[in-house]
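In what follows, a single structure is set out as structure tokens and then discussed.
The values are calculated or read from the model by the stated rules, or taken from the named source; none is laboratory data. As the structure is a computational prediction, the values presented were derived from the model and not from experiment. With ideal geometry, Cβ positions are generated from the backbone for all residues, glycine too; neighbour counts draw on all protein chains shown. In case anyone asks, the SASA skips ligands and DNA or RNA and just uses the protein heavy atoms, side chains included. Shrake-Rupley method; radii C 1.70, N 1.55, O 1.52, S 1.80 Å.
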Amino acid sequence: QVQLVESGGGRVQAGASLRLSCAASGRTFSGYTMVWFRQAPGKEREFVAGIYWNNGNTVYTDSVKGRFTISRDVGDNTVYLQMDSLKPEDTAVYYCAARYGSSRQRSYDYDYWGQGAQVTVSS
């Protein structure tokens, strides 16, 4: 049984930083892509960033490039999202998700989801 548990959300002011963590358990994740999505009130769930477990290759949506960094710790089975220079438009619930194979940017391609972590950025 795969479990993904997010932590690290919070409320910050614009320009601040936060780091989200996603603790993954239940299997080995070789061959998996681990990603972060976010969902703001009244909006669809949006792909943010992804990382391929085996080689650490990453992909980002344009709006976070240069500000967010996704990484993973293979030994701890943990995926991180370092968020710098936060903006009010980054306010959302952030979800960790996983799928076997390469990255996809559609939420329905992912089999496993965490419970979400709220990130609120005030101006």
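The single condition from (1) in contact with an Asp or Glu (Cβ under 7 Å, 6 or more places away or on another chain); (2) over 13 Å from residue 120 (Cα atoms) that residue 17 fails is (2).
Just so you know, in the stretch 4-16 the residues that are touching a Ser or Thr at 6+ places or on another chain (Cβ under 6 Å) and in a strand (DSSP E or B) include one that is most open to solvent (accessible area, probe 1.4 Å), and it is 11.
Taken over the stretch 61-101, residues that are over 19 Å from residue 41 (Cβ atoms), open to solvent by 50 Å² or more (accessible area, probe 1.4 Å) and in contact with a strand residue (DSSP E or B) (Cβ under 6 Å, 6 or more places away or on another chain) amount to 4.
Here is the figure for the stretch 96-108: residues that are over 19 Å from residue 3 (Cβ atoms) and among the charged types (D, E, K, R) total 2.
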